[in-house]
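The values are calculated or read from the model by the stated rules, or taken from the named source; none is laboratory data. The structure presented is a predicted model; accordingly, all values stated were derived computationally and were not measured. Don't worry about glycine lacking a Cβ; one is built from the backbone with ideal geometry, like all the others, and counts go over all protein chains shown.
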């Protein structure tokens, strides 16, 4: 017999606390435990001294706020408890929400919504902790006394005790396992009469025992995250971070004592030297570098770009080279993880050797050990939509979509509420959709087609459907940080994107006396949450080399939604003289970019000619074209006209070749660096190009529209992708059913043509109205898997859907008229009586004749037409039983686009 179906005298398996009756105390036990105690009634209660008597245990629990005595100040440990009273204990103990029910769960006499115990009984019932004693009659028996075996059941559940396989107690059958478990756990004394009523004394004893019952997990391991932080893992897989007041010494094993959940522990840890823990590729576009210590971000990143020579990614097995220096970098708040995003269309595929140099340092200034590892990149996971947001003061036309990883910028087709939206890349994983007017407080449908990551994984389903709710933002922008970069540049971060034009001439530069030193110039050409400023022309640092002042942002500085600061905002700033010269530590050569020399900071090209020496001959290489030198991305000195290198070289850069942007314009020193120019690889990374798309009605002008797509590739096109209808879209949607693509002409080999002309044929009857519809070719690939950028054409396609007669009915306003309704508006000039056969009362021998022509409906009846039938002045007359209308085969009526009506169509009018 289960514990919920034992005989009536034994059914009250949980205790209650009655309240509100004078003969019993109003509050017996008051429980103040958090929801974290759902696993243990009193697991967080700990006592400095051991209590030996029931009164002492009561006092100890009362001191912890667990119990309260009677109004007379006494514990009255001899008294019993009721089921209602214990319902309150259960509710308070496990932090259950009190329930004010609309419908009561029980039918006991006196069990009404105003009864004091109802919120607790309903709460305990809703949680599944308590049930009625008579399920047939629906009774709870709230005044029934609590037995010891019922206490055992509660403790068993609360402490998640294991049920012994053998029992030795006098509890009822349903409770024997519970009783044995609490006895073996030391919570209730062996030999107690489990069937007897429970006294407050026994409850106090059991509660005190439960408070000291420990199932505390053991320490499994400890790891020193940094000199003052240790991560501890327990046997139950939980963890805690211990913060130390005394820093650990590197390489020395140290015993760390700590307290967790009121239990004393200790763990031995050794602070490892700072190092790179791991390097992996979370996707084809990014590199994830994890450190065991917080790093000094400035040793890895400059202006959000990877510093030159700090990380190297060396391709193996003839994989294409990856541009690492100058890649975008983000470092997490803890300073223990860096995400490197490679530029342009470059991505990882295959094997690489990754090197992280000891140029990276911790926040304490300790260099990390050099790291080298083999990395295999094989991205097979498709991107997903991480978030879709839209923010406005009142209205906007922008929707921001963030993906789970960087995605290709070309080929994405989007719509908002069924209307095509233009797509613009904000960052590698975030794109903005420009749509129509979107209002705050309104939700819109969003559709995204042909989203793929850089490994070619296509989002699924395709298109993916989601929605966006436009939220209101009327708050002024705030400044989160002001940072000096060298002594001439200042980087200001806002909490959201600001309008960079509102900053022009609107940020004053003051000294400590509040005197203006000029206006900061804005070094930005796009709205952003991070804006760089340059100190005013002619500004000089004091002889001390340090300048302290302030920036004053004008009240009209605004965010991209138009919210202004409202009042001027002042921020302190300190500039320190920059005496560090820019440094070049490496150089690279590629056939497409030429010779590239990255510097450690933003630089300006002054002039001078490098010298290139062949390591194999020791001779200066003549004929090298160093003309056309330019600075790219602020830090890269690029010689695009250097060609034809192969092998290893020594590059000598003359002193003063570049200067940094500091006030002193520190000049670069003469430098000698190595250059490795690998032989050209045959790996194809060039995308195919759609050179033209044209549109025509085609040979079957009445049934098909034809798009002619011309594509070329330097190596060879994938024929399957050329003929795949999924390589093309129409109106931001997949091509209509029965569309097909066929090769019209190809140059080169039949299996991999370098030029191909494709006809994409679309059934004309799929075009439901005359409008400009965008056709996009975006899924064509070459034999190496490189996909084309999307190419489009937006012709006006004529409605190709034939109209049909949808219905006929006697007019409700004038019963002498028969109303004809069509699937779309009909050209009234093409309607003629001979196209219709109207039969009244099944008289096929003499069809009814239309008289007076066709009358076009107006207003709400626009698109409908009315006719009168000769000889029938009232179509609802008793002698008119049924009417059918048929459009003859060969009818010539047309819609506004000239499509002929569907013939041989019959409808019943009555």
Test: residue 437 is surrounded by fewer than 17 Cβ atoms within 10 Å (Cβ to Cβ), farther than 21 Å from residue 381 by Cα and touching a residue at least 40 places away in the same chain (Cβ under 8 Å): yes
Residue within region 828-843 that is without any contact (Cβ under 8 Å) to a residue 12 or more places away in the chain and in the same structural domain as residue 883 (by TED's automatic domain parsing) present: yes
Test: residue in region 505-513 that is in a loop (DSSP other than H, G, I, E, B), under 23 Å from residue 397 (Cβ atoms) and touching a strand residue (DSSP E or B) at 6+ places or on another chain (Cβ under 8 Å): no
Check on residue 340, farther than 25 Å from residue 227 by Cβ, modelled with pLDDT of 85 or more and crowded, with 16+ Cβ neighbours inside 10 Å: yes
Verdict on residue 495 being surrounded by fewer than 20 Cβ atoms within 10 Å (Cβ to Cβ), under 25 Å from the mean Cα position of the chain (by Cα) and not in a loop (DSSP other than H, G, I, E, B): yes
Residue satisfying all of: in region 713-761; at negative phi, within 35 Å of the chain's Cα centre (by Cα) and buried (at least 20 other Cβ atoms within 10 Å of the Cβ); modelled with the highest pLDDT among these: 722
Number of the exception - residue 165 against (1) modelled with pLDDT of 85 or more; (2) surrounded by 14 or more Cβ atoms within 10 Å (Cβ to Cβ); (3) in a loop (DSSP other than H, G, I, E, B): (2)
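Let's see how each residue does on (1) assigned by TED's automatic domain parsing to the domain that holds residue 87; (2) in contact with a helix residue (DSSP H, G or I) (Cβ under 7 Å, 6 or more places away or on another chain); (3) without any contact (Cβ under 8 Å) to a residue 60 or more places away in the chain; (4) part of a strand (DSSP E or B):
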site: 103; (1), (2), (3), (4): yes, no, yes, no
site: 119; (1), (2), (3), (4): yes, no, yes, no
site: 160; (1), (2), (3), (4): yes, yes, no, no
site: 171; (1), (2), (3), (4): yes, yes, yes, no
site: 179; (1), (2), (3), (4): yes, yes, yes, no
site: 189; (1), (2), (3), (4): yes, no, yes, no
All positions within region 825-840 that are over 60 Å from the mean Cα position of the chain (by Cα) and surrounded by fewer than 13 Cβ atoms within 10 Å (Cβ to Cβ): 834
Residue 129, sole failed condition from (1) surrounded by 22 or more Cβ atoms within 10 Å (Cβ to Cβ); (2) in contact with a helix residue (DSSP H, G or I) (Cβ under 6 Å, 6 or more places away or on another chain); (3) within 26 Å of residue 107 (Cβ to Cβ): (1)
Some residue of region 265-277 being within 22 Å of residue 239 (Cα to Cα), touching a strand residue (DSSP E or B) at 6+ places or on another chain (Cβ under 9 Å) and exposed (fewer than 13 other Cβ atoms within 10 Å of the Cβ): yes
Evaluation of residue 859 against (1) modelled with pLDDT under 90; (2) more than 30 Å from residue 771 (Cβ to Cβ) (one fails), failing number: (2)
Whichever residue in region 206-242 is at pLDDT 85 or above and crowded, with 19+ Cβ neighbours inside 10 Å and, among such residues, is farthest from residue 143 (Cα to Cα): 224
Criterion violated by residue 237 - all others in (1) touching a strand residue (DSSP E or B) at 6+ places or on another chain (Cβ under 8 Å); (2) without any contact (Cβ under 8 Å) to a residue 12 or more places away in the chain; (3) not in a strand (DSSP E or B) satisfied: (1)
Test set (1) under 18 Å from residue 527 (Cα atoms); (2) surrounded by fewer than 18 Cβ atoms within 10 Å (Cβ to Cβ) - residue 378 fails condition number: (1)
Test: residue in region 451-462 that is in a strand (DSSP E or B), more than 30 Å from residue 538 (Cα to Cα) and at pLDDT 90 or above: yes
Qualifying residue in region 785-806 (condition: within 30 Å of residue 874 (Cβ to Cβ) and either out of contact with any strand residue (DSSP E or B) (no Cβ under 6 Å at 6 or more places or on another chain) or not in a strand (DSSP E or B) (or both)): yes
So residue 460, is it loosely packed, with under 14 Cβ neighbours inside 10 Å, more than 22 Å from residue 562 (Cβ to Cβ), touching a residue at least 40 places away in the same chain (Cβ under 8 Å) and not assigned by TED's automatic domain parsing to the domain that holds residue 335: yes
In region 400-419, residue farthest from the chain's Cα centre (by Cα) [restricted to those that are crowded, with 19+ Cβ neighbours inside 10 Å and either within 23 Å of residue 794 (Cα to Cα) or assigned by TED's automatic domain parsing to the domain that holds residue 282 (or both)]: 411
Selection status of residue 875, under 54 Å from the mean Cα position of the chain (by Cα) and surrounded by 15 or more Cβ atoms within 10 Å (Cβ to Cβ): no
Region 762-792: number of residues that are within 20 Å of residue 409 (Cβ to Cβ) and surrounded by fewer than 20 Cβ atoms within 10 Å (Cβ to Cβ): 6
Filtered residues of region 868-907 (kept if within 14 Å of residue 822 (Cα to Cα) and part of a strand (DSSP E or B)): 885, 886, 887, 894, 895, 900, 905, 906, 907
Any chance residue 445 is surrounded by 18 or more Cβ atoms within 10 Å (Cβ to Cβ) and assigned by TED's automatic domain parsing to the domain that holds residue 411: no
